[in-house]
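Visitor: Dropping a structure here in structure tokens format, bear with me for questions.
Throughout, read-outs are computed from the coordinates displayed, never taken from laboratory work. All of these numbers come straight from a predicted model, not from anything done at the bench. Backbone-built Cβ (ideal geometry, glycine too); neighbour counts: all protein chains shown.
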Amino acid sequence: MDATEQIGKFKEFMENYYQTKLLEQVRKGDKFLVVDFSELSRFDPGLAEELLEQPEEAFKAAELAVLQFDLPADLKRFHVRFRNLPQSSSILIRNIRSSHINKLLSVEGVVRQKSEVRPQVTNARFECPSCGNVIPIIQVDSSWKEPTRCSCGRKGKFKLLSKELVDAQGLVIEEAPEDLEGGEQPKRMNVFLKNDLVSPLSEKKTNPGTKIILTGQVKEVPIISHRGTKSTRFDLLIDANCVETAAEDYYNIEISSEEEAQIKEIASDPKCVQRLVNSVAPSIYGFSKIKEALLLQLVGGVHKVRADGMITRGDMHILLVGDPGAGKSQLLKRMNLVAPKSRYVSGKGVSGAGLTASVVKDEFLKGWSLEAGALVLASNGVCCIDEFDKMGTEDRAAMHEALEQQTVSISKANIQATLIARTTVLAAANPKLGRFDPYDILANQIDLPPTLINRFDLIFPMKDLPDVEMDEKMASHILNLHQHPDVDEPEIPTKLLKKYIAYARQNIHPVLTDGALSEIKEYYLKMRNMSAGEGGIRAVPISPRQLEAMIRLSEGAAKMRMSSKVTKRDAKRGVELLHYCLSQIGIDPETGKIDIDRITTGIPATERGKIVTIKEIISELEEQLGKTIPIDDVIRMAAEKGISDDKVEEAVEKLKRSGDIFEPRHGFISKI
């Protein structure tokens, strides 16, 4: 098929299918038109075949065809983009070979790196100083080309008159994790975008972490060796023609009308919540409270942006602390399957940069570029972190901002950026000594920094204590599973459950009713004013963070029923779950009452009261005895106030650690 015939056919095709769309694009000032390949192949299979085999010429022909329309704007740089290529042209990055060079292919992958947008020369015009002849040179390679000689016989030193620039940007895409088998390393490919593909609107499509479907032609790039000569090896890159995001988000999942009917049918069932809880992880026995919380976590609360710009997160974070073999990892793996978008990472294999974001040296367009970590990649989804206690302290600290503010700020090299991480975190950890000590308080056994624990809405201990009846049921359940692997099919199939969650997140934004508000407020006030601690310090049974957690849980309960209002019943469900967590973990052994400081600061109010008393005693003795105070005197005075010896020693140790006092010589202390 020669060029004029190609141009004629493209013009005819556009007149039949795309004339109104073309006029609309020109009116908006957009200089591109997206064409569906399937329509082109229906119109003329021969032309479609040409496009796949010799894309360069076909693109040119399509652009020239557009110029033949009587259009008002200056369309020198109008581009025709092709999407929806046939299955035969879709290829995995790992399978691209030299035979694919200069063919049009469709590739799917996750964006890992993205460089800055920079101008690139496409055409340059030179003038010969001797005879004034103008020589245009098209710049195709990465190296700059000048004319070698002029028709008048002159060689070298030509004057540059003008050059045409286009915007260009480099991406690195990587195979999506779900396309990989066993120990395969995900392969990467460089992608080159130019013109309207780097406009601010399409920029959003190609943020690191987004899954994209890319149409483009594979080109070879010469590798320049360190001696400055061309190597016999070539590098590959995809010159992109069209970029679109793949449906992988909660908000992009398509739900057919049949599925919508099924979803509404489940929601209208009075036992709807029970059915959903049973489908969360049917192969794990028991833990119905935890499963319910995980379900609420998947649907989430309501993300609110206030008029003053303050944002209240709607995502709930849950921490499971349990004995080995209690089924924590199994729950996490199952949530990873059920959530419409999720990432799974584990303990020692995680670094702070891998969770949040890192700045890497960009080989492609030189300079530095940003690489997103797991929390950013799972934005609008769930990030499951296993072996949470095995992570390094610094790596855990990197999560603080992502958990509460839902952003990841990075300021390294010359990059200052804030990435959005609207991620729900589900973490699992073991107790301090590997197993729970039944005689010690739970809070002492969770070996995580208080600042981090405070950011989790719910903390569930999963104890594995011998109990004849329970063990018998558990053993029968596990053995039965091994005998008949398919016996425990979920009541609601996983695929439908995924769609149910996505539908709830997309369409349901419940509003709190007065009944729900009064229920939460009543519980909050009742808990706040439960008790006064010793030494005038009151125990804080519950903090405003827990109040927000209850609101999120109540909203999640309403979303689960597909209700547009949060009723008193939903609020009760939220309050119940929170109370269950607090009563398991936040009890102060001395008073037997709930004290949130047990969890959040590690020092309960009763103990803080004692520390304050001992500080007062030390100040008093300092006035009487001078700088150096014998510890025995402190113990004697504390005993008069009813504080035992070991408690005094513990308090003195804590004050020494915090730098309030020091020990000049054995048995004596001094204030700093």
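Visitor: Within the stretch 105-136, which trypsin sites (Lys or Arg not before Pro) sit in a loop by DSSP and count at most 13 neighbouring Cβ atoms inside 10 Å?
Guide: When the trypsin sites (Lys or Arg not before Pro) of the stretch 105-136 are filtered for loop state and at most 13 Cβ neighbours within 10 Å, nothing remains.
Visitor: Just from its helices, what would the mean residue ellipticity at 222 nm be for the chain, if runs of 4 or more DSSP H residues each count -39500 (n - 2.57) and the sum is divided by every residue, rounded to the nearest 500 deg cm²/dmol?
Guide: Only helices count here, giving -11500 deg cm²/dmol.
Visitor: Okay, next question. Can you give me the angle between helix 645-658 and the longest principal axis of the chain, using Cα atoms only, in degrees from 0 to 90, rounded to the nearest 10?
Guide: With rounding to tens, the tilt is 30 degrees.
Visitor: Something else about it: Given axes a ≥ b ≥ c from the Cα gyration tensor, I'd like to know whether the chain is rounded (a/c under 1.5), prolate (a/b larger than b/c) or oblate.
Guide: Working: a/c = 2.72, a/b = 1.83, b/c = 1.49.
Since a/c reaches 1.5 and a/b is larger than b/c, the shape of the chain is classed as prolate.
Visitor: Of the trypsin sites (Lys or Arg not before Pro) in the stretch 209-241, which ones lie in a loop per DSSP and count no more than 10 other C-beta atoms within 10 Å?
Guide: Here the sparse-neighbourhood loop sites are 227.
Visitor: Separate question: Suppose every Lys and Arg Cβ carries +1 and every Asp and Glu Cβ carries -1, with no other charges. What dipole size does the chain come out with about its Cα centre, to the nearest 20 debye?
Guide: The dipole magnitude comes to about 2020 debye.
Visitor: Using the reciprocal of the averaged 1/r over all distinct C-alpha pairs, how large is the Kirkwood radius of the stretch 94-245 in Å?
Guide: Evaluated on the stretch 94-245, it is 17.8 Å.
Visitor: Considering the options 41, 22, 4, tell which one lies farthest towards the positive end of the dipole of the stretch 3-84, charges being +1 on Lys and Arg and -1 on Asp and Glu at the Cβ, about the Cα centre.
Guide: Result: 22, furthest along the dipole toward the positive end.
Visitor: Let me ask something additional. For residue 221 and residue 262 in one chain, what is 0.36 nm times their gap in residues minus the Cα-Cα distance, to one decimal in nm?
Guide: Gain on extension, residue 221 to residue 262, equals 9.6 nm.
Visitor: Toward the positive end of the charge dipole of the stretch 94-245, about the Cα centre and with charges on Cβ (Lys, Arg +1; Asp, Glu -1), which of 217, 123, 180 goes farthest?
Guide: Positive-end residue among those listed: 123.
Visitor: With N residues in the stretch 257-599, what two-decimal value do you get for its Cα radius of gyration over 2.2 N^0.38 Å?
Guide: Cα-based Rg divided by the globular estimate yields 1.03.
Visitor: Under the definition of Cα pairs under 8 Å and six or more residues apart, what whole-number percent is the relative contact order of the stretch 94-245?
Guide: This gives 28 percent for the stretch 94-245.
Visitor: Just report the Cα centroid separation between the stretch 396-438 and the stretch 107-176, whole Å.
Guide: Each part's Cα centre sits 45 Å from the other's.
Visitor: Computed from the mean reciprocal separation of all distinct C-alpha pairs, what Kirkwood hydrodynamic radius does the stretch 1-143 have, in Å?
Guide: Numbers: mean 1/r = 0.0563 Å⁻¹.
17.8 Å is the Kirkwood radius here.
Visitor: So how many Å³ per residue does the convex hull of the Cα atoms of the stretch 3-84 work out to? Mind dumping the intermediate values first?
Guide: Values: hull volume 6.8 nm³, N = 82.
So the per-residue Cα hull volume is 83 Å³.
Visitor: Normalised by the residues of the stretch 1-160, what does the relative contact order come to in percent, with Cα pairs under 8 Å and at least six apart?
Guide: So the answer I get is 18 percent.
Visitor: Over the chain, what relative contact order in percent results from Cα pairs under 8 Å that are six or more residues apart?
Guide: Averaging sequence separation for qualifying contacts and normalising by length gives 10 percent for the chain.
Visitor: Count charges around residue 460 for me, please; just the other residues with Cβ under 14 Å from its Cβ, Lys/Arg as +1, Asp/Glu as -1.
Guide: Numbers: positive: 289, 291, 328, 463; negative: 292, 323, 457, 464, 576.
Overall, the nearby charge balance is -1.
Visitor: Please report the projected area of the stretch 605-671's Cα convex hull averaged over all directions, in nm².
Guide: 4.0
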